[in-house]
Each structure stands twice: as C-alpha cells, then as structure tokens.
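Enquirer: Handing you a structure now.
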Amino acid sequence: MKKLLLAVALLASSCLMPALAQFKKLGGREGRAQVLLLGTFHFAYPNADIITTDKADQLDVTSPQSQRDIARITSQMATFKPTKIAVEVRPEKQARLDSLYQAYLEGRYELGVGEEYQLGFRLAKQLGHLRVYAIDTWGNLDAYQKPGSKEFEVREDKAAEMEKFWEYMQATVKTRHEAEQKLAGKHPQTLYQKIKEMNQPEAIRKRHENYFREAFQYEAQPYDYTGVDWYSASWFNRNLRIFRNIQRITESPDDRILVIYGAAHIGPLQQAVESSPYHELVPANKVLR
C-alpha cells in the first residue's frame, strides 16, 4: 500500500514539474496563485481620465505594424499559460462582455479597438478560455458623490471645491504630461516598444510616484487634506477594490491570472499582489522579451 501511495505521489509530482519549473523561472514560489499585471495605454483613447489625448497624434492600434505588435504581445503572454484573463471592465457589465466574447468566438463580432478586446479577447480565444473576467470598479467617493448616483456625480456642497481642484489639476498635471509627451515624441515608439517600456520596473515606479505629487499636495484650505482625500485616497481605495475582485476570481493556488489594465494602476496593484498571502507576482517584464 505504501509503495502504491509513493508511486501516485511521484506521478503527481512529475505532472506538476513543467508548471512549477515555469513558475520558478519567472520568480515565483510554490503554493500561491500567480498574477501577471500587464500595463497598457488605453487603445481606444476614451479620454475618461484627467489627461486627454488627440487620437490623431497617438499610435493607431489598427495599423498593420500595431497588429503585428499585438500578435507578438499575445504570443508572449501565452507563455505564462494564464488560466484566467481579467480586464478593465466593471463586473456589472460582465454579461455584455460575455455576449461579445461569445459572438467573437462564433465569428459574429469584429474585435473592438480597446485593449480588453485586442489583447484580452484575442488571447482568451487562442487559449480556449470560456470567458474574460471584468474586475474594474470605482473608489470610495461617498463624501463627494451624490447619494444613490450610479455614475459619479459631485454633491452640490462640494461642486465649487471640486471645480477649483479640477482647474488646478488641468494647470499642473496636464502641463507636466504635455512636457513628457513632447520629449517622448522625439523618440517615436511602436506599440510593442511602448508596452514593453511601460512594464519596466522603473517606469512603474515613476508612474506610481505621480500620486504623491501635485494632486496629493493640493489644499483647498491651509492644512486640510482635499488632495489626499479626493484624489490619492480614492485612487488607492479603487485599486484595493480592484484587487479584491482579483481575489474573487482566484479559485485555486494553480490559477495563473493575467490582468490587462491601464498602466497607472500597476504600481498599487503590484503592492497588493506582493502583500497577499494567496498570490505571487509574476513581473510582466520577465515575459515581454
């Protein structure tokens, strides 16, 4: 009986070796679900953030070069062997995401421009996944939001305060962003080069430190915490909620979850994954060769 149990154990161990070898090669340890955070720019340029862009001046993700780059990225992400792919779509839109993905599998849907489609759907189909997971959410803005509003609407008593804050943000953050974009324009990048650069440790660190700059230091009145509460605290709260959604789709230590998200989120999400007793971070730069 002992010999039989030993044989079964050895067989199970041999079956796990390829996956464990891959895990260890990418810097992981046994016993935790792996999470790979892939930071991207927003392919569809929705202009939903403080910084807006002119699509005409940006990379066209539908160009032949960009499509080759997207194929290259998905091919490299496939080497991670994800069991789940999560994207920046809110869970309440999961049914619509499922419907679009099913239509794509059946050849009834041409991929949308967004990274959730170009990267998420494309790779999920390649790997034979049944769905792509929606994990996005908002931060806690109860002190500023109208009670009961589904989309963010500023309370009347906070409207003037928020308008002044927004003007300040446009005058400071946007100016800095435009200077950075002008410098980057001197060294044009392909889509692959841009994504690869975004996922380097130093690039992640620099983006993360932005949340302790102008917005964090903003004070509506001397020594108050308007910038901390309105901008940075809600931002970190949002990312902790996103990580909670990552936890919710984690079903096994054998899970390998690929998270495709706006690059600004990678810093705080990375901290959450590294702090989690249930997860192990796989750095994207180890996979983007």
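Enquirer: Share of Cα-Cα pairs in segment 242-289 beyond 14 Å, in percent?
Expert: Values: 583 of 1128 pairs.
Beyond 14 Å sits 52 percent of the P(r) for segment 242-289.
Enquirer: Taking each pair of distinct Cα atoms in segment 26-286 once, what is the resulting Kirkwood hydrodynamic radius in Å?
Expert: Result for segment 26-286, one decimal place: 19.7 Å.
Enquirer: Subtract the Cα-Cα distance of TYR225 and THR79 from 0.36 nm times their separation in residues, and report this length gain in nm to one decimal. Can you show the working numbers first?
Expert: Details: separation 146, 0.36 × 146 = 52.56 nm, distance 4.50 nm.
Contour length minus Cα-Cα distance gives 48.1 nm.
Enquirer: Here is the link list: LYS93/LYS194; LYS174/LYS206; LYS174/LYS286; LYS84/LYS196; LYS93/LYS164. Which ones come out longer than 25 Å on Cα distance?
Expert: Beyond 25 Å between Cα atoms: LYS93/LYS194; LYS174/LYS286; LYS93/LYS164.
Enquirer: Distance in nm between label sites at SER149 and SER275, each 7 Å beyond Cα in the beta-carbon direction?
Expert: For SER149 paired with SER275, the spin-label model returns 2.9 nm.
Enquirer: Moving to a separate point now. Would you mind calculating the gained length between GLU251 and THR62 on full extension (0.36 nm times residue separation, minus the Cα-Cα distance), in nm to one decimal?
Expert: Gain in length upon complete extension: 64.5 nm.
Enquirer: How high is the FRET efficiency between TYR168 and GLU209 when r is their beta carbon distance and R₀ equals 25 Å, given to the nearest 0.05?
Expert: Computed FRET efficiency for TYR168 and GLU209 comes out at 0.85.
Enquirer: How high is the FRET efficiency from LEU130 to ARG176, r the C-beta distance, R0 45 Å, rounded to 0.05?
Expert: Calculated transfer efficiency: 0.55.
Computed from the coordinates by the stated procedures, all read-outs in this text should not be read as laboratory data. Everything numeric in this text was worked out from a predicted model, so none of it was measured. Glycine also receives a Cβ, built like all others from the backbone with ideal geometry; neighbour counts cover every protein chain displayed.
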